[in-house]
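The block underneath contains the structure these notes are about, expressed in structure tokens.
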Amino acid sequence: MGSSPSVTLAKAFDRCLAVGALAGVSRDVARALNSLTEAARGAWPKVTVADEEWARHLAERVDRKAVLASLEALDAAGLYLTCACLTGSDVALAAFDAELRGAPKAALQRLHLDDAGVDEVLQRLRQRLLLGVDGSRGLSHYSGRGRLSAWLRISAVRIASDLRSEKQPVADSEERLLSMAVETTPEIAASRAELREHFRTAFRTALASLTARQRSLLSLSIVEGLGIDRIAPVFGSSRATIARWLAQAKAALAEQTRIQLQDRLQLASEDLDLLMASVRSCLTLSLARALQDRAR
Amino acid sequence: MGCLDDDTLLALTERTLTPQEQEAVNSHLDHCARCLRLVANAMRALAAPPPEEVKCEGPALVPGARIDRYVIVEQVGTGATGEVYAAEDTKLKRKVALKVLPAKEARSSEHAQFHMRMWKEAQALAQLSHPSIVSVFDAFTFGECVIIVMEYVPGGTVRRWLAERAPSWQEIVLAFLQVGRGLAAAHDTGFVHRDVKPDNMLIGADGKARISDFGLASAVLDEPAPRAGSSIAVPKCELTTTGVVVGTPAYMAPDQLEGARALPASDQFSFAVSLHEALYGERPFRGASRSKLIAEIRARRVCDPPPRSHVPSSVRRVLLRALAPRPEDRFPSMQALLLVLERASRRTGRWVLATLAAVLALAALVSVVQHALPRPCPPPDPLLEAVWDEPQKRALRATLAAESAVEVDRTLSEYLAEWSRAYKEACKATWIDHQQPKRVFFARMTCMNGLLERVKAEVGALPQAGNARALRASLPAVNSCAASRF
């Protein structure tokens, strides 16, 4: 591209930004715009978007307080494609569909969805992004701050997650933690109903005594079956820290359960000893193992 | 903050959130199960991370990780000097405890030196075998860190044992005598523990007490003793730091606190502090800071025993001597201390045991009489009111239509009346008719208590969902507890 696109682009961009204080676009911004556009058109040679349209699309997505820095951080190719899709370009829409079959599809497969499930989610994703659900097309929400493929992946995951929540209410993750604790501990599963009931009550009280953070950790680790490597970024911590927190949470849970059980079953009996022993082993070992098996 | 939007979620998976954003996300996740699940899915949908090698980062070792011929089973504790794991020795097919020193601490030369000393000491300790000492089997370096392989003792620390079992003073003294023998044996061979405290004493499933972490903390203190008055050379002993922590001030002898080289007499002092804490529930000296603690010890201001302590004064006299500020005023050796302690506890042991038994019998009698005489089976009203009381009734009337509020009230009242009848029946059978063993009564009551908790939960959920018919269907059957037995 020569210098003329840069000039028209910069002018359009400036107009769209409509910042009074900014007397014209600086040379740096113009240069950044130019290279952004070159990269975008290089990535999608068959897709065409008018300078005016493209400049407006960009201007709506830059941080007005730091135009240059935010401009340079944008995913040019992704924004260009979404911009073209929003103008209704058939070439762009075809390219977009191909994108959907890439990263989002692979991500959904990792969620252990079957083919039909994957198709359903992709279908919904396409509808939400291209047809729009609440007036504006979902695609216009793409800010360009992350890579388009990553953003599509996240959107797909969100839809999959919502679908799962429709079928399986999310509120009772504690309940599931509980039933897993009961089921994965042979001694408890085999014990008589009232013992199980004691265990349930004790376990529930023990869970309630943990901090919210400890419960979320246990939920991610045990109910969702995430490994430490996956949990660490969620809390922005190192895997070592997460491992330590998890160990602490499990220990606290086991300890509290034991205390609760002791409170409830005042009688020393073989059953109680058995239960205690299995509670301890259950929450530290067998549960962890059972869950590793699940995660595999 | 509200639920996570796509940009935030994306930044989260790519770890590009600012600390403030991260904090906001964390707080939100703690309370939003929906977003938590969304995040879980997002993390799961990421491409698999590259398989990580086992790094020697103590707490990061996960079950299944392999260190040399040992396979990690689980983390069992966080010690002062490193993480402790239960592991399987694949060669000898036995369970062992692994103490792992974090890699990052091994990097500085100071720590390298520490590791070297520790390694040497551990190797020497490996030759020390005593039933009251947690054996050290092996010590080796793995990557940048030192691994100490120790005997695995199922059970817990003496601190936990004290808290959970509330043992009698005799049991406590017995356990400490065992620990003391281990210490004495080590002293005879030239080892000083330097960090004697209830957390470093283990009680096995076999009921035998042992001293553990032997020498693991000591090597670093083998520096030349700092001159008196120098403040920097005293090792830092903050309890919570995970760096090199040597000794625990609250249990340390004054000589050790002031930076002198630890002697067997220092172990004796720490042993006495631990025993004092075990017997009386508190440590002998109060002092928030190191200097205040030293002042208290020097002034021999030992806390008075609690008023109703059963511990005989002869045992206390043993403690007071071992707690003497000057090492030469303590017992000449651990061995000597044990001898006197054993005698002191035995002399009074039998008498106290008899008294204890009598007291216990009396207490049992009193409780039965209290139950049996004035009102053997008091009405359970307080229990029932906790489930369905006036404020709750009012609250429900405010949220439900008048008709269904009446229905709900009737349903619950009927249920609770049935519960009351079952309670009276069970109580009468045990405490009035003496037809039913007490254990059965207790079992039934624990079961029925559980019923009430469930009812309480149902009542709590009423304002959102409730109508009387659904409530009736979800109430647990009272007679499900009739067969409860332990």
Region B:246-265: number of residues that are at pLDDT 85 or above and part of a loop (DSSP other than H, G, I, E, B):
3
The residue from B:Y85, B:Y70 that alone is surrounded by 15 or more Cβ atoms within 10 Å (Cβ to Cβ), at pLDDT 70 or above and within 14 Å of chain A (Cβ to nearest Cβ) is B:Y85
Checking B:A60, B:A40, B:A33, B:A11 in turn, the sole residue that is within 32 Å of the chain's Cα centre (by Cα), surrounded by 15 or more Cβ atoms within 10 Å (Cβ to Cβ) and at pLDDT 85 or above turns out to be B:A40
Could you tell me which numbered condition A:V121 fails, if it satisfies all but one of (1) surrounded by fewer than 17 Cβ atoms within 10 Å (Cβ to Cβ); (2) modelled with pLDDT of 85 or more?
(1)
How many residues are more than 24 Å from A:A39 (Cα to Cα) and assigned to a helix (DSSP H, G or I) if we restrict to region A:72-125?
17
Hits in region A:217-238 (condition: free of Cβ contacts under 8 Å to residues at least 24 places away in the same chain, small (G, A, S) and within 7 Å of chain B (Cβ to nearest Cβ))
A:G236
Could you grab me the full set of residues in region B:258-301 that are acidic (D, E) and loosely packed, with under 14 Cβ neighbours inside 10 Å?
B:E282
Residue under question is A:R128, and the condition is that it be in contact with a Gly (Cβ under 7 Å, 6 or more places away or on another chain), outside any helix (DSSP H, G or I) and not polar (S, T, N, Q); does it hold?
no
Within region A:260-285, considering residues that are modelled with pLDDT of 50 or more and within 9 Å of chain B (Cβ to nearest Cβ), the one farthest from B:L452 (Cα to Cα)
A:E270
Determine whether B:S168 is polar (S, T, N, Q), assigned by TED's automatic domain parsing to the domain that holds B:E342 and either out of contact with any helix residue (DSSP H, G or I) (no Cβ under 8 Å at 6 or more places or on another chain) or at pLDDT 85 or above (or both).
yes
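The values are calculated or read from the model by the stated rules, or taken from the named source; none is laboratory data. Since the structure is predicted, the reported quantities are computational estimates derived from the model, not experimental observations. A quick note on method: Cβ atoms are made from the backbone with ideal geometry, for glycine too, and the neighbour counts reach across all protein chains shown.
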